[in-house]
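Right, one structure below, let's go through it.
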Amino acid sequence: MNEPRWDRLLLNATLATFAGDSPCGLIEHGAIALHHGRIAWVGRMEELPDAPGTLAATVESVDGSLVTPGLVDCHTHLVFGGDRAREFDLRLNGASYEQIARAGGGIVSTVNATRAASDEQLFAQALPRARALLADGVTTLEIKSGYGLDLESERRMLRVARRLGRELGISVRTSFLGLHALPPEYRDRRADYVGLVCDGMLPALAGEGLVDAVDAFCEHIGFSRAETRRVFERAQQLGLPVKLHAEQLSDLDGAALVAEFGGLSADHLEHLSESGVEAMARAGTVAVLLPGAFYALRETKLPPIALLREHHVPMAIATDCNPGTSPLLSLRLAAGMACTLFRLTPEEALRGITVDAARALGLYDRGTLAVGQRADLVVWQAKQPAELCYWIGGSLVHEVCVGGESVTT
Ligand code: DI6
Ligand code: FE
């Protein structure tokens with residue numbers, strides 16, 4: 001008998017491919033073949049080129065289960081020391097995020113806890129968070145630095161991020177977020193800190209291969225447009241893509257700035273203007289929506305979804321997993337919140353945690369079920385795509401595959 005041509009063939013699948021023209025790229029009674037870590041065939045079962053049993057070393061039926069691309073969480077701050085449960089309490093009693101930040105709480109308190117933690121402690125605290133996301137179907141995870149704010153502490157955060165990817169067998173993409181908050185020791189020396197980020201930290205960490213992209217927090221309580229521009233110029237010189245926390249609490253026209261640099265994404269965007277939307281559309285910059293932060297801050301201003309649609313700006317959804325504004329450990333729930341709070345359709349929300357999230361990371365080898373893509377996929381205990389947004393909490397994952405290998409969740 002001939003060698004089977006594929007490693008593995010799944011039959012009787014409801015495939016949400018996010019490729020092709022049908023809603024969610026849906027293929028019912030579908031089959032998908034994996035070979036050498038890639039998707040080798042995808043289509044309707046009846047169109048398989050031969051009797052299924054002869055085609056792959058392993059052939060199994062998934063009994064009508066939904067199969068999607070592995071989910072992509074394109075914006076997290078998952079590595080940090082400590083927690084901010086106390087701040088949650090303060091906010092519930094009326095303090096605003098800005099008030100807490102200006103009083104020395106907020107990001108700076110997590111910076112202190114992160115600096116005080118050992119590498120092992122940082123890793124041990126982040127691991128269950130990363131595992132929770134993986135158990136919910138995430139196979140590609142972006143993790144930002146930005147709670148170290150000195151060279152050694154930022155380096156430790158980025159190394160822990162890389163180690164999480166290795167130990168869990170998932171893809172981790174790192175973003176350097178040196179311009180997240182002004183560290184206390186630079187209180188009266190803003191320009192010196194921005195200089196250190198641009199000329200000291202960024203080139204050193206990039207040189208060590210720890211940086212896939214550069215981010216900043218462009219906001220009144222963060223960094224100005226001029227300061228953000230400086231770090232973007234440095235990133236450009238180093239050949240690194242940029243992205244930005246933009247228009248979260250106010251409109252500083254950050255989206256237009258990141259678009260000017262051909263940025264991968266502008267993230268948050270509750271206060272985004274129409275000219276910002278137009279700039280993003282022209283540059284192909286993805287809008288990353290973060291409903292977890294909107295929810296936790298009890299924000300009332302909605303991102304301009306209708307304008308983003310009108311200008312065909314792709315919308316990704318992410319957890320923004322962080323201890324202050326979005327202690328959210330389910331990307332699927334983020335997608336559900338994008339439907340309920342932002343009025344995205346389930347299809348838009350699901351594109352937002354697969355194909356459009358991959359684009360927000362500059363990745364084109366994943367996010368759809370199509371021949372040649374990485375074999376990152378999830379078999380769900382669900383029959384139709386909308387269920388992934390509809391169920392709140394609980395576990396729907398049956399199996400997660402990364403690069404064709406089943407991973408333990
Ligand atoms: N915006 C956010 O939502 C997170 N960072 C940022 O710039 C919040 C980070 C934190 O509060 O710890
Ligand atoms: Fe964030």
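Things worth noting here:
- Complete set of residues in the range 1-22 that are in a loop (DSSP other than H, G, I, E, B) and over 26 Å from Glu348 (Cα atoms): Met1, Asn2, Glu3, Pro4, Arg5
- Of all residues making up the range 23-44, the number that are open to solvent by 50 Å² or more (accessible area, probe 1.4 Å) and either part of a helix (DSSP H, G or I) or out of contact with any strand residue (DSSP E or B) (no Cβ under 9 Å at 6 or more places or on another chain) (or both): 1
- Residue ID - modelled with the highest pLDDT, chosen from residues in the range 214-234 that are within 13 Å of ligand 2 (Cβ to nearest atom) and small (Gly, Ala, Ser): Ala216
- Of the candidates Ala116, Ala56, Ala126, the single residue that is within 27 Å of Ala266 (Cα to Cα) and modelled with pLDDT of 95 or more is Ala126.
- Count of the range 68-85 residues, restricted to those that are over 27 Å from Ala266 (Cα atoms) and either more than 14 Å from ligand 1 (Cβ to nearest atom) or at pLDDT below 90 (or both), is 0.
- Screening Asp63 with (1) in a helix (DSSP H, G or I); (2) surrounded by fewer than 18 Cβ atoms within 10 Å (Cβ to Cβ) gives one miss only, at (1).
- Within the range 85-106, the only residue that satisfies the criterion of being within 14 Å of ligand 2 (Cβ to nearest atom) and open to solvent by less than 20 Å² (accessible area, probe 1.4 Å) is Gly106.
- Enumeration of residues in the range 183-216 that are surrounded by fewer than 20 Cβ atoms within 10 Å (Cβ to Cβ) and among the hydrophobic types (A, V, I, L, M, F, W, C): Ala191, Leu196, Ala204, Ala206, Leu210
- Considering the range 109-131, and only residues there that are buried (at least 20 other Cβ atoms within 10 Å of the Cβ), of a type in the set (A, V, I, L, M, F, W, C) and not in a loop (DSSP other than H, G, I, E, B), the residue that is farthest from ligand 1 (Cβ to nearest atom) turns out to be Ala130.
- Matching residues, the range 342-385, being without any contact (Cβ under 8 Å) to a residue 60 or more places away in the chain, in a loop (DSSP other than H, G, I, E, B) and surrounded by 19 or more Cβ atoms within 10 Å (Cβ to Cβ): Leu344
- Qualifying residue in the range 157-172 (condition: part of a strand (DSSP E or B) and either more than 13 Å from ligand 1 (Cβ to nearest atom) or of a type outside the set (Lys, Arg) (or both)): yes
- Summed over the range 386-409, residues that are more than 21 Å from the chain's Cα centre (by Cα), exposed (fewer than 15 other Cβ atoms within 10 Å of the Cβ) and in contact (Cβ under 8 Å) with a residue 24 or more places away in the chain total 1.
- Note on the range 235-341: enclosed strands (runs of 3 or more DSSP E) holding 1 or more residues that are open to solvent by less than 10 Å² (accessible area, probe 1.4 Å), basic (Lys, Arg) and within 14 Å of ligand 2 (Cβ to nearest atom) are 243-246.
- Of all residues in the range 195-223, those satisfying the criterion of being away from ligand 1 (no atom under 16 Å from the Cβ), farther than 18 Å from Val160 by Cα and hydrophobic (A, V, I, L, M, F, W, C) are Leu196, Cys198.
The values are calculated or read from the model by the stated rules, or taken from the named source; none is laboratory data. Given the structure is predicted, the values throughout are model-derived calculations rather than measurements. All Cβ positions, even for glycine, are placed from backbone atoms using ideal geometry, and neighbour counts span all protein chains on display. In case anyone asks, the SASA skips ligands and DNA or RNA and just uses the protein heavy atoms, side chains included. Shrake-Rupley method; radii C 1.70, N 1.55, O 1.52, S 1.80 Å.
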